[in-house]
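Asks: Following this message is one structure expressed as structure tokens.
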Amino acid sequence: MTQPRPLLSRRNRLHIAQFLVLTLVLFLGLPERPASAGANLIANPGLESLAADGFPVCWEQSGWGANGHTFAVSTDAHSGARSMSVTLTTAGQGDRKAMMLEDTSCAPNVTPGHQYDLSAWYKTTTANTVMTVFRHDVAQGWVYWTDLANLPVATGWTKQTVRTPQIPANTDQIVWGITIYGNGTLKTDDYTMVDATQTVPDESCSAGDKCVKGAWQVMPFQSSVRAVHAVVLRNGNVLLIAGSGNDPAAFAAKTFTSAVYKPGTGQFTAVPTPEDLFCSGHVQLKDGRVLVMGGNKDYPAADGSHGYKGLKNSYVFDPANNTYTRVNDMTAGSWYPSATALGNGDVISLGGLGEDSHGMVATQYFDESENRWLGIGEANQTWNFWGLYPSMILMQDGRLFYTGSHVFGNGTPGTGSSIYDYGANTITPVPGLRKKDERDQSMSVLLPPAQDQKVLTMGGGNIETNPDAHRLTDLIDLKQASPAYTAGPAIPQGTLTGGVPQTGDQGKMYVSAVLLPDGKVFETGGALHNRADPVYEASMYDPATNTFTPGMATDPVPRGYHSSAFLLPDGRVMAVGDNPGNGTFDMRVSVYSPPYLFKGARPQITGMAGTNWAYGSSNRITVDSPVLKAELIRPAAVTHSSDPNQRFVDLPMTVDGNAIDLNLTSNPNLAPPGWYMLFVVGTNGVPSVAKWVKVG
């Protein structure tokens, strides 16, 4: 492995291994620990799928020290056609092992406090053979954990099963294999790993209620910045933007901050931040850079002469070097502006507050090909005020749907929702949105798949009148000739501080909704009132049945104002932020593992013909096992319960064994150009780790 460990003498290693074996044998004999019947968590357990280098997918040639050794794929197998062979000819220092890859996609997910049964079939000509485990610490990365058991010489195929100690805190994945550290040959095949802590009647998952509810983990570190804004970058890192972080003292000191968070290592990298990008707009451009527009020019005056003022400045953030580069100014100051990517790669921005603290009514248009904001007379204008952070979702015909979700106070006049045709300069009211003036910090999502053109708007309140937030959801089919909202199912209720259950029509504002690779929507976070009374509740919405499944695992951290939740490329959901009325900011980071991550091994995308996909094209990938579906998910750029660019694009499949042709839509309005996360979902319902694909 990449992390060397201290070399023990062979005698000490043997004594330690014998002690561990004795302990584990005694432990395995306890009647109250039934054998697990759960799903095998190992990818490519029989070693039958080979990577481009000829070695089994999700396995690597590993070890350390100076020794003579060879690795091979052998036809002498316990089952199937292949096994792995490791030979040491000159033992010297260190060891060699055929080990699972220290890779998010390949390493099995684990739960702290649980124990797992590890099994493998092996042959070995030397007693200097031991089962070795490494663990992924969310703060330290991959570290050596322990040697579990010494394996005796075996000339015929022999099965070894060992139960791990309890998984240490802050561990989310492990890898393991069999190590040889003396002269001889070791062959291994048919690996299994199952959760031995709990069993369930289903037998497809043995992780207890996590199989149904999923599980949250609060990271053992805090965010280095006040994470008001979160953008998932095309390299899998997360840009967290604070600016002044809603702190007037930081604004006065011109202390503006951003950081790039690396989910794989838990590391934060500070990014020099040129202006107060607090409450700016942001969206990914088609080349993977991030356009950041507007922000805070000034906080409200003590004498009440003005409120927040919008900033005109605009920047492009480049994830290749973690730097902001200024582009030309917007035509008007914008605090809380929208940002929607169009089918041609351009960006349209509406709403917010201007430099005079009043509503900004200009339509602001960024020409991607020229890398500039158009002048006020170059862009089509309606001079309409759309509110703050209006949720503007691109429709399949190129028009924008204003969902009615917004921030701060009442909605716009009329029905509260409308369709905006930029080319024709027309605004068409859309009926049916209930409580249009209580949609402050509601959230709207284009439901999976984008081809269905259905939008769900959920929750909300009003910070001016401050009623109890409500539970309403409304659903609309934008393919209809005259689309209108219809009532959807109510958001499930949760508990308030102290475990007090919600009653009556109490719901939540500041709600988050995240599109998952299995086609469901994870709903989490929120509060009953403006910057007060967090609600502890999470549910899973299924677009296919138009129903919520209540009782998902709940983030132990309150997530109200200035909080966000978003999908990571490994299929987990990350949540940051909370800024209650006393001015504090919760710096804790939470990560949610959905139920699918406890139901077996991930499918592997073992090959791709290319990562640049043209519209209307067929793109071949190879996988290691059957898959149910494939899709592209646009990476998040979220703040204030708003990410109008979030979308899940279905990829119809043509299957030829393990070769699958994925057919991309020819309509760029369904999948605006840019970088997307490509997921496949196995027959067990478990998604792969995403590969990155550039569309258009």
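Asks: Have a look at VAL153, ASN128, GLY177 and report the one farthest towards the positive end of the charge dipole of the range 108-194, computed about the Cα centre with Cβ charges (Lys/Arg +1, Asp/Glu -1).
Replies: It is VAL153.
Asks: Right, something else. Give, as ranges by residue number, the residues of the range 49-66 whose backbone N falls under 20 Å from the point 7 Å along Cα→Cβ of THR683.
Replies: 49-50, 57
Asks: A follow-up question, please. Can you work out the FRET efficiency for the pair ASN321 and VAL153, with r the C-beta to C-beta distance and R0 = 60 Å, to the nearest 0.05?
Replies: Details: r = 54 Å, r/R0 = 0.90.
Efficiency computed from Cβ-Cβ geometry: 0.65.
Asks: Oh, and also: Only Cα pairs under 8 Å and at least 6 apart count here; give the relative contact order of the range 535-681 as a rounded whole percent. Let's see the in-between values first.
Replies: Numbers: 266 pairs, mean separation 26.9, N = 147.
That works out to 18 percent.
Asks: Now for a separate question. How much mean residue ellipticity at 222 nm does the chain get from its helices, if each DSSP H run of length 4 or more adds -39500 (n - 2.57) and you divide by all residues, to the nearest 500 deg cm²/dmol?
Replies: Details: 3 runs with 28 residues, N = 696.
Per the formula, -1000 deg cm²/dmol.
Asks: Given a cut-off of 23 Å, name the pairs among LYS454/LYS629; LYS187/LYS599; LYS213/LYS691 whose C-alpha atoms lie farther apart than that in the structure shown.
Replies: Working: LYS454/LYS629 20 Å; LYS187/LYS599 28 Å; LYS213/LYS691 26 Å.
In this structure, LYS187/LYS599; LYS213/LYS691 exceed 23 Å between Cα atoms.
Asks: Bins of 10 Å, beginning at zero and ending with the bin holding the largest distance: percent of Cα pairs per bin for the range 637-696, please.
Replies: The calculated distribution, bin by bin, is 18, 46, 29, 6, 1.
Asks: Would you grab the residues whose amide H sits under 5 Å from the one on SER357? Only those 5+ places off in sequence or on another chain, please, with H modelled 1.01 Å from N.
Replies: Hits under the 5 Å cutoff: GLY310.
Asks: Just to check, using Stokes-Einstein with a Kirkwood Rh over alpha carbon pairs, what's the diffusion coefficient of the range 282-357 at 37 °C and 0.692 mPa s in µm²/s? Provide the component values of the computation, followed by the final result.
Replies: Values: Rh = 13.1 Å.
Estimated via Stokes-Einstein, D reaches 250 µm²/s.
Asks: By the scheme Lys and Arg +1, Asp and Glu -1, what is the net charge of all other residues having a beta-carbon under 12 Å from that of ALA332? Present the calculation step by step, with values, prior to reporting the outcome.
Replies: Numbers: positive: LYS297, LYS309, LYS312; negative: ASP329, GLU355, ASP356.
Summing Lys/Arg as +1 and Asp/Glu as -1 gives 0.
Asks: Out of every Cα pair in the range 385-460, what percent are spaced more than 14 Å from each other? Let's see the in-between values first.
Replies: On the way: 1632 of 2850 pairs.
Counting every Cα pair in the range 385-460, those more than 14 Å apart make up 57 percent.
Asks: Let me check I've understood the local charge: for ALA690, count other residues with C-beta under 12 angstrom from its C-beta, Lys and Arg +1, Asp and Glu -1. What total comes out? Write down the numbers at each step before the final one.
Replies: Details: positive: ARG234, ARG572, ARG602, ARG634, LYS691; negative: ASP570, GLU631.
For residues surrounding ALA690, the net value is +3.
Asks: Then there is this: Over the Cα atoms of the range 555-620, what is the Rg over Rh ratio if Rh follows Kirkwood?
Replies: Numbers: Rg = 18.3 Å, Rh = 15.3 Å.
Rounded to two decimals, Rg/Rh equals 1.20.
Asks: In whole Hz, with x marking every Gly and Pro, tabulate ³J(HN,Hα) for the range 407-415 from phi via Karplus 6.51 cos²θ - 1.76 cosθ + 1.60, θ = phi - 60°.
Replies: 10, 6, x, 7, x, 6, x, x, 6
Asks: Follow-up. Helix 10-28 versus the longest principal axis of the chain: what angle, 0 to 90°, nearest 10, using Cα atoms?
Replies: Taking the Cα atoms of the chain, the angle to 10-28 is about 70 degrees.
Asks: Let me ask another. Once phi is turned into θ = phi - 60°, what whole-Hz ³J(HN,Hα) does the Karplus curve with 6.51, -1.76 and 1.60 give for every residue of the range 308-323, x standing for Gly and Pro?
Replies: 4, 10, x, 8, 8, 4, 9, 9, 10, 9, 10, x, 5, 9, 6, 10
Asks: Given a 1.4 Å probe and heavy atoms of the protein chains only, how would you sort SER49, SER83, largest accessible area at the top? Present the calculation step by step, with values, prior to reporting the outcome.
Replies: On the way: SER49 25, SER83 0 Å².
From most exposed to least exposed: SER49, SER83.
Asks: Counting only other residues whose beta carbon sits under 10 Å from that of PRO45, what net charge do I get with K and R as +1, D and E as -1?
Replies: On the way: positive: none; negative: GLU48, ASP189, ASP190.
That sum, taken over residues with Cβ under 10 Å, equals -3.
Asks: Which ³J(HN,Hα) values, rounded to whole Hz and listed in residue order, are derived for the range 173-187 from phi using the Karplus coefficients 6.51, -1.76 and 1.60 in 6.51 cos²θ - 1.76 cosθ + 1.60 with θ = phi - 60°, glycine and proline given as x?
Replies: Those phi angles translate into 8, 9, 10, 7, x, 10, 9, 10, 10, x, 4, x, 10, 10, 10 Hz.
Asks: Among all cysteines in the chain, which have no other cysteine Cβ under 4.7 Å from their own Cβ?
Replies: CYS279
Asks: Here is a further query. Rounded to the nearest whole Å², what accessible area per residue is found for the range 401-503 with the 1.4 Å probe? Walk me through the numbers before you get to the answer.
Replies: Numbers: 3780 Å² over 103 residues.
Value returned for the range 401-503: 37 Å² of accessible area per residue.
Asks: How big is the accessible area of VAL327 in square angstrom, nearest 10, if you roll a 1.4 angstrom probe over the protein chains?
Replies: Looks like 20 Å² after rounding.
Asks: Take GLN166 and ASN669, extend 7 Å from each Cα along the Cα→Cβ direction, and tell me the distance between the two endpoints in nm.
Replies: Those two pseudo-labels are separated by 5.7 nm.
Asks: Could you rank THR161, THR497 by how accessible they are, 1.4 Å probe, largest area first? Walk me through the intermediate numbers first.
Replies: Numbers: THR161 55, THR497 100 Å².
My answer, sorted largest first, is THR497, THR161.
Asks: Right, another one. Just grab the label-to-label distance for ALA490 and THR545, each label 7 Å out from Cα along the Cβ direction, in nm (one decimal).
Replies: Output for this residue pair reads 2.0 nm.
Asks: Pick the calculated mean projected area of the Cα convex hull in nm² for this structure from (i) 38.0; (ii) 29.6; (iii) 31.2?
Replies: Given (i) 38.0; (ii) 29.6; (iii) 31.2, the structure-derived one carries the label (iii).
Asks: Over the range 351-413, calculate the relative contact order: mean separation of alpha carbon pairs under 8 Å at least 6 apart, over the residue count, as a percent.
Replies: Details: 89 pairs, mean separation 16.9, N = 63.
Relative contact order, the range 351-413: 27 percent.
Asks: Go ahead and run the numbers for FRET between THR265 and ASN612, Cβ-Cβ distance against an R0 of 35 Å, rounding to 0.05.
Replies: 0.80
Asks: Still on this structure: Provide LYS97, LYS629 ordered by accessible surface of protein heavy atoms (probe 1.4 Å), highest first.
Replies: Numbers: LYS97 0, LYS629 65 Å².
Sorted descending by solvent-accessible area, the residues read LYS629, LYS97.
Asks: So for each of 440-446, 584-590 I average, over its residues, the number of other beta carbons within 10 Å; can you give me the resulting order with the highest mean first?
Replies: Packing proxy ranking, top to bottom: 440-446, 584-590.
Asks: Between GLN222 and ASN582, what FRET efficiency comes out of the Förster formula 1/(1 + (r/R0)^6) with R0 = 25 Å and r the beta carbon distance, rounded to 0.05? Can you show the working numbers first?
Replies: Working: r = 18 Å, r/R0 = 0.73.
E between ASN582 and GLN222, to the nearest 0.05, is 0.85.
Asks: Give me, ordered by chain and number, the residues 5 or more places off GLN173 or on other chains with an amide H under 5 Å from its own placed amide H.
Replies: VAL110, HIS136
Asks: Now, a different point. May I ask for the percentage of alpha-carbon pairs in the range 399-505 that lie more than 22 Å from each other?
Replies: Numbers: 1940 of 5671 pairs.
The proportion of pairs with Cα distances above 22 Å equals 34 percent.
Asks: Using alpha-carbon pairs under 8 Å, 6+ residues apart, how would you state the relative contact order of the chain in percent?
Replies: Answer for the chain is 11 percent.
Asks: Further question on the same structure: Need one number: nm distance between label points at ASP397 and ARG620, each 7 Å from Cα along Cα→Cβ, rounded to one decimal.
Replies: Distance between label points: 3.9 nm.
Asks: Ok, one more. Calculate the dipole size of the chain relative to its Cα centre from +1 charges on Lys and Arg beta carbons and -1 charges on Asp and Glu beta carbons; express the result in debye to the nearest 20.
Replies: 1440
The values are calculated or read from the model by the stated rules, or taken from the named source; none is laboratory data. Predicted model only: the values in this text are computed from it and were never measured. Glycine gets a Cβ as well: all are built from the backbone with ideal geometry, and neighbour counts include every protein chain shown. Areas reflect the complete protein model, heavy atoms only, side chains present, ligands, DNA and RNA absent. Shrake-Rupley method; radii C 1.70, N 1.55, O 1.52, S 1.80 Å.
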